[in-house]
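Student: First, the structure itself, so that you have it in front of you.
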Amino acid sequence: MTSTFLPDKRTGPDAGLPPPAADPARSRARRRALNWLTATGFQLPALVLFMGLVLLPMLFALYAAFFRWGGFGMPSEYIGGENFTRLFQDEVFLGDLWRCLVLVVLSLVLQLPFALAMAVLLNQRMRGRAVYRMLFFAPYVLSEAITGILFGMIFAPDDGFADQLLGRIGLEGLGGEWFADPSTVMATLFLVMTWKYFGFHMMLYLAGLQAVPRELTEAALIDGAGPWQRFRNVTLPLLAPTLRISVFLSVIGSIQLFDLVWVTTAGGPDHHSETMAVTMFQYGFKRYQVGYASAISVAMFGISLVFALAYQRFVLRRDLEGATTTMRGDGK
């Protein structure tokens, strides 16, 4: 058996020397460029969709807000900031801001504490707790349209399920027009919102409670702490990051509330349940004042953005700093 060697064709001083090694810096640069191209290729479809369906419509809404425009053709009648000035003179929009604040306060004071209480209860060892969790979370899975139609039938005046139930137990005097009465429409709407969304927050709290080390609560129990002391001094501080996220989602959801209100009341009676999103829809698609509707959408975006930035700066700062520190530590 013979071996065949390829002759070294180099001549001159380098003849007989091993071939030069590849430049490490050039190899790293080539590898980084390849990784960048690969990542860009995967992200490009999502970026195109985001620009086409989110970013460009937002920019166009901002542009249209400076025109008196009915939605047909391109905006041409420039009016400057007149639409934004009109916002602060519009009693309906100012009422929307007040109703938004009412919903936010009711959510923070009633809905979220109720969800937390149910999460603490269902985190205990009890028979059938998986069934209860499923039942309480099920309303969140339903669409807002189905929820609105369902409660529209439940709270129908006179022949609705709510009035019939109150009549059978001798409390027919508590019945009423519910969604049709300006004095009860917001309370009824908030009741529907709580039924629809509290299960979502309850599941968030359950996930946070299951991350609380059992050793800490057992140590507090050995030290003689009662149930309330264990909850206040051990469970609640460890659940704080989850609570902060829940509050953020609840406030943003109240600012942008639309579909549930539109299906149940359409903003009535006489604007008493109208929200900013409903007002925007009314002006844009019912009255064809798209320029003014665009100004309302810009105001909604501005309110949400300011709240999000302020909340991140003053409330979520510790959570974000902790996550960044953890990522740096893992990187080391």
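The values are calculated or read from the model by the stated rules, or taken from the named source; none is laboratory data. Keep in mind that this is a model prediction, so the values were computed, not measured. Backbone-built Cβ (ideal geometry, glycine too); neighbour counts: all protein chains shown. These accessible areas exclude ligands, DNA and RNA; they are computed on the full protein's heavy atoms, side chains included. Shrake-Rupley method; radii C 1.70, N 1.55, O 1.52, S 1.80 Å.
Student: Please note which helices (runs of 4 or more DSSP H) are completely contained in the range 1-89 and include at least 1 residues that are touching a His at 6+ places or on another chain (Cβ under 7 Å), open to solvent by 100 Å² or more (accessible area, probe 1.4 Å) and modelled with pLDDT under 90. Even if it seems obvious, please write down each step before you answer.
Tutor: Values: elements: 24-50, 56-64, 82-87.
Because the criterion is at least 1 residues that are touching a His at 6+ places or on another chain (Cβ under 7 Å), open to solvent by 100 Å² or more (accessible area, probe 1.4 Å) and modelled with pLDDT under 90, no helices (runs of 4 or more DSSP H) in the range 1-89 meet it.
Student: Further question on the same structure: Check whether at least one residue in the range 214-236 is under 22 Å from Leu135 (Cα atoms), without any contact (Cβ under 8 Å) to a residue 24 or more places away in the chain and in contact with a helix residue (DSSP H, G or I) (Cβ under 6 Å, 6 or more places away or on another chain), and report yes or no.
Tutor: The answer is no; no qualifying residue exists.
Student: Give, as residue ranges, the helices (runs of 4 or more DSSP H) completely inside the range 160-251 that count at least 1 residues that are open to solvent by less than 30 Å² (accessible area, probe 1.4 Å) and either of a type in the set (Phe, Trp, Tyr) or at pLDDT 90 or above (or both).
Tutor: Per the criteria, 185-210.
Student: If I ask for residues that are more than 21 Å from Thr184 (Cβ to Cβ) and assigned to a loop (DSSP other than H, G, I, E, B), which ones from the range 140-159 would you list?
Tutor: Residues satisfying the conditions are Leu142, Ser143.
Student: While we're on this one: Just to be sure, is Val120 part of a helix (DSSP H, G or I), among the β-branched types (Val, Ile, Thr) and surrounded by fewer than 15 Cβ atoms within 10 Å (Cβ to Cβ)?
Tutor: Criteria not met by Val120.
Student: Continuing with the same structure: Among the residues of the range 90-103, how many are of a type in the set (A, V, I, L, M, F, W, C) and buried (at least 19 other Cβ atoms within 10 Å of the Cβ)?
Tutor: Adding up the residues that qualify gives 3.
Student: Phe137 is checked against (1) without any contact (Cβ under 8 Å) to a residue 60 or more places away in the chain; (2) part of a helix (DSSP H, G or I); (3) open to solvent by 40 Å² or more (accessible area, probe 1.4 Å) and fails just one. What number does that condition carry?
Tutor: (1)
Student: Identify all residues within the range 253-277 that are assigned to a helix (DSSP H, G or I) and either open to solvent by 30 Å² or more (accessible area, probe 1.4 Å) or touching a residue at least 60 places away in the same chain (Cβ under 8 Å) (or both); write none if there are none. Full working, then the answer.
Tutor: Going through the range 253-277, the residues assigned to a helix (DSSP H, G or I) turn out to be 253-255, 259-264, 276-277.
The answer is Gly253, Ser254, Ile255, Asp259, Leu260, Val261, Trp262, Val263, Thr264, Met276.
Student: Same structure again: Can you tell me how many residues within the range 288-309 are of a type in the set (A, V, I, L, M) and under 13 Å from Ile255 (Cα atoms)?
Tutor: Selection size over the range 288-309: 8.
Student: Could we say that Met153 is among the aliphatic types (A, V, I, L, M) and without any contact (Cβ under 8 Å) to a residue 12 or more places away in the chain here?
Tutor: Yes; evaluated as a whole, the condition is true for this residue.
Student: Something else about it: Across the range 150-159, what is the number of residues that are more than 15 Å from Thr264 (Cβ to Cβ) and open to solvent by less than 30 Å² (accessible area, probe 1.4 Å)?
Tutor: The initial filter retains those residues of the range 150-159 that are more than 15 Å from Thr264 (Cβ to Cβ), namely 158-159.
Adding the requirement that they be open to solvent by less than 30 Å² (accessible area, probe 1.4 Å) leaves none.
Number satisfying all stated conditions: 0.
Student: From Ser107, Ser143, grab the single residue that is open to solvent by 30 Å² or more (accessible area, probe 1.4 Å) and hydroxyl-bearing (Ser, Thr, Tyr).
Tutor: Ser143
Student: As an exercise: evaluate Trp98 against (1) farther than 18 Å from Gly253 by Cα; (2) in a helix (DSSP H, G or I) and give the number of the one condition it does not meet.
Tutor: Among (1) farther than 18 Å from Gly253 by Cα; (2) in a helix (DSSP H, G or I), the lone unmet condition for Trp98 is (1).
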